[in-house]
Structures are given as C-alpha cells and as structure tokens.
Amino acid sequence: MGKELDGLGYLPLHIILSKLSPSDIIKVSCANKRLRGSASDESLWAQICYQELQLSTPQDDHGNPLPCFMLAYKLWRDAFSMYPWPLVKRVKRCWDKLKKWFNNNFPEAEATLRRGASESDIEQLQTVLKVKLPLPTRLLYRFHDGQELPDNPKTASSSWLGIIGGYSFYNHLVNVYLLPLHQVVAKTRYVIRYLGFSSRSKCVIVASSFAFSRKLFFLNCTNGQLFVGTRKLLTDSEMIPCVPNTLIRSVHDLYCEEQQDAMLLWLEEHGRRLENGIIKVRKEGDYRSINLFPEVPPLCVTTVTNGVQVRASAVFVPEFADLLDEAEKFTFAYSIRMSLLPEGCVINGMTFVSCQLNRRHWIIRADGEVVSSVDAEAVIGEYPLLHPGEGEFVYQSCTPLPSPSGSIEGHFTFVPG
C-alpha cells in the first residue's frame, strides 16, 4: 500500500490523505519518507483544523498564535485528551457561535468573557463543593471561565452585560451573567450555609442576575439538569427544570460520543435565538443589554391600524412562580412596543402627523378561561405621543396565571393629532 501511494503525484496523494481521519494520516506517514512529507503538508492540516475546530489561523486553545496548523491540531488534541473529541468540537462550536454574535452585535459583553479555566481550577471547585461537574459543563468552563463581573454593580454600566440577558417591568430588573468558577464556589457555599440547602444536593449555582432582582440557575451535577429558582426558592428550595429530562444523557460517560447536559443545551439554544434574531440587544436608558422578549413571529405579534404599529411578546418569569399557588402559579411578563409609521396616522383619508394613546382594553385568558379584564386609561400612568419616524414607545407589565398556557388580547384607543 505504501509503495502504491508513493507512486502517485502530489495532487492525487493530497486528495487521498484529505479523505482520511487525522489518526489515519499519522499512521500512513509512517510508511515512508514521501508519505511522511505529504502527511505534513500545511494545507492538509489547515483543512483539518478548519473542518474540526473552525480555525482559520494556527493557534492553541488560549488563542496564542502558532507556527503551523499541524502543531495547532496536536496541541488542541493534547489539551483536551481527557475528553471525548466529538464533545470538544461541539462545545467549541457553541462558544464560536456565541462569540461571533457578540462580536458583531454586543462587543462590550464579549469583552467580559474570561479566559478558559484550567483542569486544576475545576478540580479545586469539585474538591471544595464535593461535586463532580458533568463533562459538557467542564468543557464549557475550559473554553471560558464565565464572565468578569462588575466591580460596582449598583452604578456600573457593565451590570447590564450578562451574556444570558434579561428583562424589566415595573421595578423588577433581571440581567443574567454566566458565573466564573470562584463565584460558583462563593455563591453555592452561601446558599448551602444560609438558605437551608442540603450539602448532599450536589447543585451548584452557575448563572445569576447581578445587582438587580434575584434570579439564580442551579446545575445538578449528578444528573446534569439545570434549574431556575422560583419565588419559593428561599423558603422551600423550589426550582423549575430548564430542559426536558429526556434530552439529557451520558453526562459523566467518557466513552460515549453523545454527551449533553442541560447547561450545554441551554447555551446552544440561547445561541440559536441570538443568531436567528429571536432576541436582540435593546437600549434601556443609557445602557444596552440582551432583552429576552422575542422580536420575530410567531413569538412576537405585530399589527398595524391606521398607521399605528403595535408589537407584543411575552416571557415566562420563573423567579415569580409559585407552584403551590393554584390561582397565581405562573407569572408572565409582556412587552408592548408602539410606533407611528412614516405615513403618519391615516383615518378616513385624513392624515395626522401625531396621535396620542388614551385608553387600553385587555382580556387575559388561561386555558381559554377569562381570568382578567382591564379597561382603563393610559399605560403604566403614561399617555405616549407618537410621531412618524420616532423610536418605539415601550412598556412592560406582567400578569399571574393559574396555568402555563394563556393569552392576552385587546386594543388601544388613540386620539389623532
């Protein structure tokens, strides 16, 4: 076989080698000097690095430049030799997608991502908290050790830079950060010590709102499920799972090629929503943040009447949930955005260059039954005046429901001119 390949020209030999796996290329290179030279070709390893790791320049797992792609591939394999390689590639794709979006849309948040944690950092956390992190979560932290948290969360603009994002309504503000390992340890120990959690629960806090209203995410290190705390978190340790249990598998199995815990699935879905424009960066006051109110159909509904455009969407608010309260078990926040189209307000052929909100009428249902009907003036005490070409007037509110399925419908009354 080696002699037959030895007689081929450069291009046919390159094509044959490019069809082989990296391990098989190494084996073939041992046949003779000619094959060893072809197997060391830089373009061949550049192709491998791009296909498997999306590397367009030779660099190690910390982003440090290297002289060639062959060395880059070797160092990557060495750095993650204790993990299943398909899982390494999947976790890297997850982070690459997130960072590409942040680089293009929210670079100030991308700048808060920390360098990857070392294996010794992870081992120290596991020793202190007496847990064993699921393999996907370990790898997520190997690439980035969470986010750099703001020094002064009460005043700093960086308090809005959580890569998970959030929402606001009334005086409730949520903006969720992915926590670095040292904060995972600190917050988890606090919960265990002061909030009545059992040290045998094997849950660690991996994400949290920062400086504003409380919202905590717990990773169960035994089964790989991710939970978010409810209103009864502090009193009854009540939490809601973030991912269907049927999607979680093989979180501690080194020899399975399909490991996925809820943490990885959660971040992959977050990346998909960002990439597809379902959620976006929005400006509130002087600061920008990722807003979790959906922006596109079918999760966002848009209607235009007489030149007035209204967009509406909703999100579940788990930190307000109370699973034992039959009447107000679930809370949903909704966002209403109003604007006047460039042609102005047109009624019976007459055009007005402005219109002002006067009244609103809402009918709120749960499982088809009316649970609330609102007919009143203004919204949150305001009568917004709309002009063509101006930005949207946005207001957020919330409503409790006895079931996870519900709807809101109604209309607004505007005064033209």
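Below, the figures for the structure above:
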{"quantity": "Size descriptor, Kirkwood hydrodynamic radius, that averages inverse alpha-carbon separations across the range 290-385, Å", "calculated": "15.8"}
{"quantity": "Ratio Rg/Rh, restricted to the chain and using Cα atoms, in which Rh is the Kirkwood radius", "calculated": "1.08"}
{"quantity": "Among 258, 284, 390, residue whose mean-square fluctuation peaks in a GNM of the chain (springs only between Cα atoms under 10 Å)", "calculated": "390"}
{"quantity": "Net charge, residue 236 excluded, C-beta distance under 13 Å - Lys, Arg +1, Asp, Glu -1", "calculated": "-1"}
{"quantity": "Within a Gaussian network of the chain (alpha carbon springs, distance under 10 Å), most fluctuating of 89, 132, 74", "calculated": "74"}
{"quantity": "Whole-number percent relative contact order across the range 286-389, with pairs defined as alpha carbons under 8 Å at least 6 apart", "calculated": "21"}
{"quantity": "Selected from 226, 173, 341 as most flexible by GNM, with the chain as the system and alpha-carbon contacts under 10 Å", "calculated": "341"}
{"quantity": "Assigned charges on the beta-carbon of Lys, Arg, Asp, Glu; the chain dipole about Cα centre (debye)", "calculated": "1100"}
{"quantity": "Translational D in µm²/s for the range 79-166 (Stokes-Einstein at 10 °C, 1.306 mPa s, Kirkwood Rh from C-alpha pairs)", "calculated": "110"}
{"quantity": "Degrees between helix 85-105 axis and first principal axis of the chain (Cα, 0 to 90, nearest 10)", "calculated": "50"}
{"quantity": "Part-to-part distance (alpha-carbon centres) for the range 219-240 and the range 365-395, which is given in Å", "calculated": "34"}
{"quantity": "Solvent exposure ordering (accessible area, 1.4 Å, most first) of 114, 77, 93", "calculated": "93, 77, 114"}
{"quantity": "Helix 262-275 vs. the chain, principal-axis angle (Cα, 0 to 90°, nearest 10)", "calculated": "70"}
{"quantity": "Calculated [θ] (222 nm, deg cm²/dmol) that DSSP helices of n ≥ 4 give over the chain, each run adding -39,500 (n - 2.57)", "calculated": "-9000 deg cm²/dmol"}
{"quantity": "GluC sites (Glu not before Pro) restricted to the range 66-151 and DSSP loop, no more than 16 other C-beta within 10 Å", "calculated": "148"}
{"quantity": "Where the chain is the region considered: accessible area per residue in Å², 1.4 Å probe", "calculated": "49"}
{"quantity": "Rg [Å, one decimal], Dmax [Å, integer] - the range 199-287, C-alpha atoms", "calculated": "15.5, 50"}
{"quantity": "Positive-pole candidate from 342, 364, 313, dipole of the range 274-387, charges at beta carbon", "calculated": "342"}
{"quantity": "Long-range HN-HN contacts of residue 347 with modeled amide H, under 5 Å", "calculated": "352"}
{"quantity": "Neighbour net charge for residue 209 - beta-carbon separation under 10 angstrom, K R +1, D E -1", "calculated": "+1"}
{"quantity": "Principal axis box of the range 369-417, alpha-carbon based, largest edge first, Å", "calculated": "40, 20, 17"}
{"quantity": "Relative intensity, log₁₀ I(q)/I(0), of the range 85-275 from a Debye sum that treats every alpha carbon as a point, q = 0.13, 0.14, 0.18 Å⁻¹", "calculated": "-0.67, -0.79, -1.37"}
{"quantity": "C-alpha center-to-center spacing [the range 241-267, the range 87-137] in angstrom", "calculated": "16"}
{"quantity": "Tensor-based shape of the range 276-318 (alpha-carbon gyration tensor, a/c under 1.5 rounded, otherwise prolate or oblate)", "calculated": "oblate"}
{"quantity": "Taking the chain and dividing mean pair separation by its residue count, relative contact order in percent (alpha carbons under 8 Å, at least six apart)", "calculated": "10"}
{"quantity": "Percent of alpha-carbon pairs separated by more than 16 Å within the range 81-132", "calculated": "60"}
{"quantity": "Rounded percent of accessible protein surface that carbon and sulfur make up, the chain, 1.4 Å probe", "calculated": "53"}
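The values are calculated or read from the model by the stated rules, or taken from the named source; none is laboratory data. Fair warning: this is a prediction, and the values are worked out from it, not measured in the lab. Positions of Cβ are backbone-derived with ideal geometry, glycine not excepted, and every protein chain shown enters the neighbour counts. Heads up: the accessible areas ignore ligands, DNA and RNA and are worked out on the full protein's heavy atoms, side chains in. Shrake-Rupley method; radii C 1.70, N 1.55, O 1.52, S 1.80 Å.
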